[in-house]
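The values are calculated or read from the model by the stated rules, or taken from the named source; none is laboratory data. Here the structure is a predicted model, which means the values were calculated and not measured. Ideal geometry is used to build each Cβ from the backbone, glycine not excepted, and the neighbour counts take in all protein chains shown. SASA here: full protein model, heavy atoms, side chains in, ligands and nucleic acids out. Shrake-Rupley method; radii C 1.70, N 1.55, O 1.52, S 1.80 Å.
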Amino acid sequence: MSVSVGGPARVRRATRCVTAQPPPRAPPAELLAVTGYIRGIPRPRTAAGCFLEAWGSATRRQPAVAWSLSGPGYRRDAMFQQQLPVEAQIESLFIDSCLPSNCVDAVTNTMGYHPKYLESYRTTQNFILRGDGPLPLDYRHYIAIMAAARHQCSYLIDMQKQEFLLQGGNQMWLRGLNHIPQKLHDLYEINKILAHRPWLLNKSHIEKLTKGQDSWSLAEVVHALVLLVHFHALASFVFGSGINDEQKYYECDDAREVLHLAPPPRSTKAQQPVQKLENKGYKEEIPIALSPTEPEVGVDMLMERMKTLSERSEEVSAEEYRKRFEHVESQSAELPLGQRTPPIKPDISHFIEDPKFTYVDFAHRGVQVPTFRVQDCSWEDHGFSLLNGLYNDVGILLDDKFKTTASLTYNTMGGRRDVDTTVFRRAIWNYCQCMYGIRHDDYDYGEVNQLVERSLKAFIKTACCFPERLTKRDCDKVMKEFLHSEKIHVNLMILEARMQAELMYALRALMHYTT
């Protein structure tokens, strides 16, 4: 059985791109602009400034670079990207990331462990925030603030507040939800439901937005839905990776200190603490040894279980598949989640309404809401075409991002090489969606209990459903034998599995409304 979370192979369209060829040693105008004045506002010399020093050396050792003009920033030609070594690809992505926001943010720095994913993620985020679309730019960033606030993600809120103002947003709106247009406020109910109990969303919520004086067009609704689910899921990544407790931007006088370049995980049998080399160009990783007092399943045991499951040929009935799903679902409802939700900070409380509305275990939902069977309404057969028809090109970008995440592997685990991690990755993905009542009929959920031990289940559930409860310490306590980049990989799967789950509920409601 193979992982299938993306649609059929499709080719992105690039009809709106205009190819430009800058002089080989001259940085783009946008890169020069962010180190000085933008819209008359003095800007400090941050990471973008240090890239000017790197620009000359980069162009001296590389052939002429093809750039595609798209929105406010530039993007390196994808075909050229594939010809670069891993180090150069990561450096290129980090340089590009400076253009819109004047610095390298912590999310980009963390995702840099996985450059293939980072490229897909940045292309998608740039498109929904800055590319062609029905919503005004200030609306897009404010919707991002509303979404991040549901999980008290101050990191994302602060970043999007800055972007909102740079796009000419009304400062009065930042005083809270009582100061925004009614049209924007009408979206909040959907924001709240999607963030915590997406199975409750139905066509009546879509109808409320599209009727009345401050009505939304269907294209605007779809754009808003994509923004909401993107930033809900991104909040899970920010907390799950410990980013919310760290600095938001990286500033220094040396580009290499900003670019904590991290190649794909390198395999080694050694079991020693992670060490950083004196050369700051890379984080050389060695897995942390597992404490003998920890009741966590070790990597060797996990590999044995993966091998056994891969070789097993068991005939299981559809009814047995259903029972195993329900068993995992009920076990998830019994997991302890540690500390309580932290009190809401005063500087973000005005972006939150009904804070007591939070996640309720799907297995204990109290009302008869049927399980979402993927075979009845799948991303590949239904979601992709509906989304792409109403919001041009975004379906292609999301499809690429889902497929990139599902197929991302280096065939390593905790320093062991030549490991087929397919069954483990599939268990992580399907367990995330199980908590939202989404069931893959052809998947044996008994594999989840074999491969995802209890502490990792608790971490995944908290990251998906209560990310604001996670701290950096919580992130460090799980997957202790994994490389740091492998932990980031798991968090990327949590991000995308959650986003797809919310998106499928949103698109199902939209489908019911339009038929």
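Quick look at the numbers
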{"item": "5 Å-binned pair-distance histogram of the range 396-515 (Cα, whole percent)", "result": "2, 10, 19, 23, 21, 14, 7, 3, 2, 1, 0"}
{"item": "Ranked packing of 395-405, 160-170, most packed first, by mean Cβ within 10 Å", "result": "395-405, 160-170"}
{"item": "Cα-Cα separations in the range 302-440 greater than 17 Å, expressed as whole percent", "result": "75 percent"}
{"item": "Cα-centred dipole magnitude for the range 298-346, charges only on beta-carbon of K, R (+1) and D, E (-1), debye, nearest 20", "result": "420 debye"}
{"item": "Among 224-232, 376-384, the order from most to least packed when residues are scored by Cβ within 10 Å on average", "result": "224-232, 376-384"}
{"item": "Residue-span extension gain [Glu304 to Ser317] - 0.36 nm each, minus C-alpha spacing", "result": "2.1 nm"}
{"item": "Cα-based shape type of the range 153-245, given that a ≥ b ≥ c are square roots of the gyration tensor eigenvalues and the cut on a/c is 1.5", "result": "oblate"}
{"item": "Ratio Rg/Rh, restricted to the range 452-515 and using Cα atoms, in which Rh is the Kirkwood radius", "result": "1.13"}
{"item": "Mean-position separation - Cα centroids, the range 318-338 and the range 460-505, in angstrom", "result": "19 Å"}
{"item": "Carbon plus sulfur fraction of accessible area for the range 114-206, probe 1.4 Å, in percent", "result": "45 percent"}
